[in-house]
Amino acid sequence: MTENMLKFEDLSPGDRIVVRYRLTQTSPETGNVISSDALGEVLAVTSDTVSINTKRGALDVDRQAITHAKRVPPPPVRRSRPPTLK
């Protein structure tokens, strides 16, 4: 974890974060490590994992696999459209 990255000890359940983490598989074409992102609310932080509630459900991310992390603001409030005239 780099010095500028979010400190997981400072997180609380309900905080909204985004993390980039390494997947275990590598690209068959290049051999490079494949990464993924997770955006959502923190459910729990342990010494080994960060549990995040994403749109697709709960996700446990190995802290050693996280390469970047930061807090993000709440999602924008959706505004309803005015009814269309016929």
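Surface calculation, 1.4 Å probe, protein heavy atoms: ASP37 sits at approximately 90 Å² accessible. Among ILE34, VAL61, PRO75, whose Cα lies farthest out toward the positive end of the dipole of the chain, if unit charges sit on the beta carbon of Lys, Arg (+1) and Asp, Glu (-1)? The residue sitting most towards the positive pole is PRO75. Legend: residues ILE34, ILE52, sorted from most to least accessible area (1.4 Å probe; ligands, DNA and RNA excluded), read ILE34, ILE52.
Using a simple charge model, +1 on the beta-carbon of Lys and Arg, -1 on the beta-carbon of Asp and Glu, nothing else, what dipole does the chain show about its Cα centre, in debye to the nearest 20?
800
By accessible area of protein heavy atoms, probe 1.4 Å, what ranking do GLU29, GLU9, GLU41 get, highest first? Don't jump to the answer; show the numbers that get you there.
Values: GLU29 155, GLU9 130, GLU41 95 Å².
In descending accessible area the options line up as GLU29, GLU9, GLU41.
The H on the amide N of LEU6, modeled in the peptide plane, is under 5 Å from the matching H of ALA69, each at least 5 residues off or on a different chain. Counting protein heavy atoms only, the chain has 50 percent of its accessible area on carbon and sulfur, 1.4 angstrom probe.
Take the Cβ atoms of GLN25 and ARG79, set R0 to 41 Å, and the FRET efficiency comes out at 0.50.
What translational D, rounded to a whole number of µm²/s, comes out for the chain from Stokes-Einstein when the hydrodynamic radius is the Kirkwood one over Cα pairs, at 37 °C and 0.692 mPa s? Working shown, then result.
Working: Rh = 14.7 Å.
It diffuses with D of about 224 µm²/s by this estimate.
Return one whole number: the accessible area per residue of the chain in Å², for a 1.4 Å probe. Numbers along the way, then the final one.
Working: 7020 Å² over 86 residues.
Counting only protein heavy atoms, the per-residue value for the chain is 82 Å².
For segment 1-40, the dipole from Cβ point charges (+1 on Lys and Arg, -1 on Asp and Glu) about the Cα centre works out to 80 debye, to the nearest 20.
The values are calculated or read from the model by the stated rules, or taken from the named source; none is laboratory data. All values reported here derive from a predicted model rather than from experimental measurement. Glycine gets a Cβ as well: all are built from the backbone with ideal geometry, and neighbour counts include every protein chain shown. These area figures cover heavy atoms from the full protein model, side chains too; ligands, DNA and RNA do not enter into them. Shrake-Rupley method; radii C 1.70, N 1.55, O 1.52, S 1.80 Å.
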